[in-house]
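Trainee: First the structure, then my questions, so here it is.
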Amino acid sequence: MPSFDIISEVNQVEVRNAIEQANKEISTRFDFKGSDSRVEHKEKELTLFADDEFKLRQVTDVVLGKLTKRGIDVRSLKFETIEKMSHDKVKQKVTIRVGVEQELSKKIVKLLKDSKLKVQSSIQGDAVRVSGAKRDELQNAIALVKKTITDFPMQFSNFRD
């Protein structure tokens, strides 16, 4: 029975390279001279540091630009609230979302059930497996999910006949 998986992955090597490039640009830019602006990267989390909120927005722009150039979908980033530190310095945590979240998985399964396509979908950890009798139905399911869910990056992998 043909099937495919709906997943959400981020290439961590490209993220690390983009963060290194962003830190290099921040350290050489004139408007950041003498400031403590930087980006730290741990596993699936980024921390942006800056002297004030204006510089934090500039750091964010640099990071988003570098990630985009490296092919990382910025919709996988979840920005948290800005925290104040000592001496008016600020920091912001950014989580890199990997895997299809439970709530979104349920939404995808419901969407496919309500669509009257002849496919079955099931949640498998942080992925959604979709199977059907015909390849055309699976392609229609991919098109439907791509069209409907636009606020979260998804990849379609493991396509089997």
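Trainee: Filter segment 22-44 down to residues that are assigned to a helix (DSSP H, G or I) and either of a type in the set (Asp, Glu) or within 19 Å of the chain's Cα centre (by Cα) (or both), then give me how many there are.
Mentor: Matching residues across segment 22-44 total 3.
Trainee: Hey, can you tell me all the residues within segment 48-81 that are surrounded by fewer than 15 Cβ atoms within 10 Å (Cβ to Cβ) and out of contact with any Pro (no Cβ under 9 Å at 6 or more places or on another chain)?
Mentor: Asp52, Glu53, Phe54, Arg57, Asp61, Thr68, Lys69, Gly71, Lys78, Phe79, Glu80, Thr81
Trainee: Which condition number does Glu80 fail, the rest of (1) among the acidic types (Asp, Glu); (2) touching a residue at least 24 places away in the same chain (Cβ under 8 Å); (3) in contact with a strand residue (DSSP E or B) (Cβ under 9 Å, 6 or more places away or on another chain) being met?
Mentor: Of the numbered conditions (1) among the acidic types (Asp, Glu); (2) touching a residue at least 24 places away in the same chain (Cβ under 8 Å); (3) in contact with a strand residue (DSSP E or B) (Cβ under 9 Å, 6 or more places away or on another chain), the odd one out for Glu80 is (2).
Trainee: Also: Test Ser8 against the stated conditions and say whether it is farther than 15 Å from Glu83 by Cα, under 18 Å from the mean Cα position of the chain (by Cα) and of a type in the set (Ser, Thr, Tyr).
Mentor: Here the answer is yes, as Ser8 does meet what is asked.
Trainee: Continuing with this model, one more query. Which of (1) β-branched (Val, Ile, Thr); (2) touching a residue at least 60 places away in the same chain (Cβ under 8 Å); (3) under 30 Å from Asn23 (Cβ atoms); (4) part of a helix (DSSP H, G or I) is the odd one out, the single condition Val145 does not satisfy?
Mentor: Here Val145 clears every test but (3).
Trainee: Test of understanding: among Lys44, Lys33, Lys69, which residue is out of contact with any strand residue (DSSP E or B) (no Cβ under 7 Å at 6 or more places or on another chain) and touching a residue at least 12 places away in the same chain (Cβ under 8 Å)?
Mentor: Just a single option satisfies the conditions, and that option is Lys69.
Here, each number is a calculation from the coordinates, and none is a lab measurement. Everything quoted here is computed from the prediction, not taken from an experiment. All Cβ positions, glycine included, derive from the backbone under ideal geometry; neighbour counts span all protein chains shown.
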